[in-house]
Amino acid sequence: MCGFLGYVGKLTPSSDIITKALSYIAYRGDIYGAIHQPSVHIWCTRLARTGNLERPQPVVNQKTRAITCLNGELYNIHQLINKTQSTLVHYRDISDTEYLSLLLSHPSAATSLSQLQGEFSFCHWNQAKQQLWLARDSFGSKPLFYKILENSIIFGSSDKAVAVLTEQHEQSSSINITAAQTFLVYGITPEETLEKNIFPVPAGQTIEFNYFTTNQSITKHILFESNSLDLTEPKKTNEKSVINTLHTSVHKRIIPQKTWVAASGGVDSSIIHHLAMSIDNSIPGYCAVWHRDKPLQLHSNVIPVLISPESLQQNINHFLMLSNRPITSLSGLAIYLTALHAKKDGFDTVLSGEGADEIFWGYPHYFVSSKSHPFFIQRQKDLKFISEIAGIDILTNVNSTAFSTSTQSPNPFDWNKIDFKYRLPGHLCRMNNDLPYLMASIESRLPYIDCLQYFSAKRPLTNKKVLFDYFYQISGLKPTKHGICFGCQLLGIKWFKQQIEQINYATAAELLQITNPKKLLHTLVSNWALLEELSLGNYYTHEIIARFLMGIICFCKLPDIFLAINDLNTFWREQFTTISEQEAMLCDSHTDVTITQC
């Protein structure tokens, strides 16, 4: 796991701008490095799990001068390297990034991209060809963003870091108001991020950028795109083959005495935990829980972590600053607090059940015919409820064609495809997986990603029944989900009252397209308090209000949140400065790979 930030071209950010941008990636690791060549500058922070645990990234190939940064893990990189050699080779004490550098410098590198297995995003700069590759796995489990600004390509693990690096060249606010409005209505955004003109590398894609030094121009095209979602004839399967695949997937992701499982009590994480314990029965599960007075019926070796309102309030600003996007629940924050407990107990690698519902058609809305994704229809109903409570129509003209079809859809694949393309990489993997675990210096691994071979685009040949049947077979129990569902309302009405007094109302007016946002927000809070006092409504209706208020607060307070914890900025400046002063080169005698600290 790591984070990186870089640019190719003639961008000229000041040292203060660079330092501020690095503040948004530095939490992603604890080993800092940078490399500077003509036309390219890359900074990286590494959370080491393989190879020499003290070496920094980026990796520089000694022969080709190509630069590589990898965020994540690759589980078949050794086999792919050996396919490119005339004889079997074994490199001692080197990391996945160094192996990847060797692979990508081989003439057949482009054909190897489709065979990479793991959770990853990476950047690779070919100095000789003046060519940049940016890539993500099929889940989009690791974030990666880019922006083309005049004669430069800016890229990194954080969209906010990319935005900051270019802010002195921009004349207006970096907030993408259209995308922000779409987020308030639908809960996610389409192609663009919440920062203007910054795009995520789509899940399963490798994008190639060519930089021409003669006229400083840039071209872009898709070098490789996974066809996982277009399979019409998936691998024929049964329960045994699925479980065997999962067992192998779990086994290769376990680090002895360092691994735990993110347990929720649901079938996906319970099976992962069972398989992990079949390999090492000391592997614990940690489960975030809320109600102290509710009896916990957790499975064996699962440790409940009680989450209090105080802990949520104490950590929410830090979480929002690093996420750089509004949240639709506090689940990611609860996962972070749970990860802190596991880290304190000596664990640094987590196995998560994320992605199983998409692969095995686990959501009910995959079997609903409608004119739009059922999730988005519900969100629009929620916004209508907000308008009724507030007495004013809100964002009624926001409509994204990316989230709808022109006719009723008899094929639930339409909704599954949207989830794979937008919800899984943009929300579930980022907010409930990548961010909260890295904040606690925990590396997350997703065993279900290896089950994409069983995904059917037209009909669920293998659905969640396979997982439920297997779980009942091994435990005799029905899974009961306890954790991970934490609504925004748990912060309390008092907290929301305090926050809406501190927001930028000019931004709120532009976002909501109304002249008096202050009155609107106070009306919502007052009506919410009245509903609670009179015991009217229910948990969901209260959560609709809290979630909407949270969205406004996030959009209109994020710049202030960064300034409030600027002491972190000073600390990270010192870390990167120390690295840059060393100017040392570490060479590995067993390979043609070197790592440069600059």
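The values are calculated or read from the model by the stated rules, or taken from the named source; none is laboratory data. Since the model is a prediction, treat every value here as computed from it, not as a measurement. Please note: Cβ atoms are built from the backbone with ideal geometry, for glycine as well, and neighbour counts cover all protein chains shown. Accessible surface is based on the protein model in full, side chains and every heavy atom, while ligands, DNA and RNA are left aside. Shrake-Rupley method; radii C 1.70, N 1.55, O 1.52, S 1.80 Å.
Numbers for the structure displayed
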item	result
Residue tally, condition part of a loop (DSSP other than H, G, I, E, B), modelled with pLDDT of 80 or more and not aliphatic (A, V, I, L, M), over the stretch 108-136	4
Lone qualifier among 493, 418, 442, 484 - being at pLDDT 85 or above and buried (at least 20 other Cβ atoms within 10 Å of the Cβ)	442
Where residue 387 falls short, out of the listed (1) open to solvent by 50 Å² or more (accessible area, probe 1.4 Å); (2) in a helix (DSSP H, G or I); (3) modelled with pLDDT of 85 or more	(1)
Residue that is surrounded by the most Cβ atoms within 10 Å (Cβ to Cβ) [pool: residues in the stretch 504-527 that are within 18 Å of residue 393 (Cβ to Cβ) and of a type in the set (Ser, Thr, Tyr)]	523
Answer residue from the stretch 191-219, given it is within 24 Å of the chain's Cα centre (by Cα) and part of a strand (DSSP E or B) and is farthest from residue 120 (Cα to Cα) among those	195
Residues being out of contact with any Ser or Thr (no Cβ under 8 Å at 6 or more places or on another chain), open to solvent by 10 Å² or more (accessible area, probe 1.4 Å) and at pLDDT below 90 - total across the stretch 137-149	0
In the stretch 150-187, the residues that are assigned to a strand (DSSP E or B), within 21 Å of the chain's Cα centre (by Cα) and at pLDDT 85 or above	154, 155, 156
Set 188, 177: member being in contact with a helix residue (DSSP H, G or I) (Cβ under 8 Å, 6 or more places away or on another chain), farther than 17 Å from residue 322 by Cα and open to solvent by less than 10 Å² (accessible area, probe 1.4 Å)	188
Some residue of the stretch 226-234 being in a helix (DSSP H, G or I), open to solvent by less than 60 Å² (accessible area, probe 1.4 Å) and at pLDDT below 95	yes
Boolean, residue 530 is open to solvent by 80 Å² or more (accessible area, probe 1.4 Å), in a helix (DSSP H, G or I), touching a Leu at 6+ places or on another chain (Cβ under 9 Å) and without any contact (Cβ under 8 Å) to a residue 12 or more places away in the chain	yes
Cβ pairs under 7 Å, 6+ apart, first in the stretch 97-114 and farther than 13 Å from residue 223 by Cβ, second in a helix (DSSP H, G or I) and small (Gly, Ala, Ser)	103/109; 103/112
Total residues in the stretch 113-135, condition under 14 Å from residue 202 (Cα atoms) and open to solvent by 20 Å² or more (accessible area, probe 1.4 Å)	1
Criterion (modelled with pLDDT of 80 or more, under 30 Å from the mean Cα position of the chain (by Cα) and part of a loop (DSSP other than H, G, I, E, B)) met by exactly one of 514, 544, 503	503
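Residue by residue, here is whether (1) farther than 21 Å from residue 338 by Cα; (2) open to solvent by less than 10 Å² (accessible area, probe 1.4 Å) holds:
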site: 244; (1), (2): yes, no
site: 256; (1), (2): no, no
site: 260; (1), (2): no, yes
site: 282; (1), (2): no, no
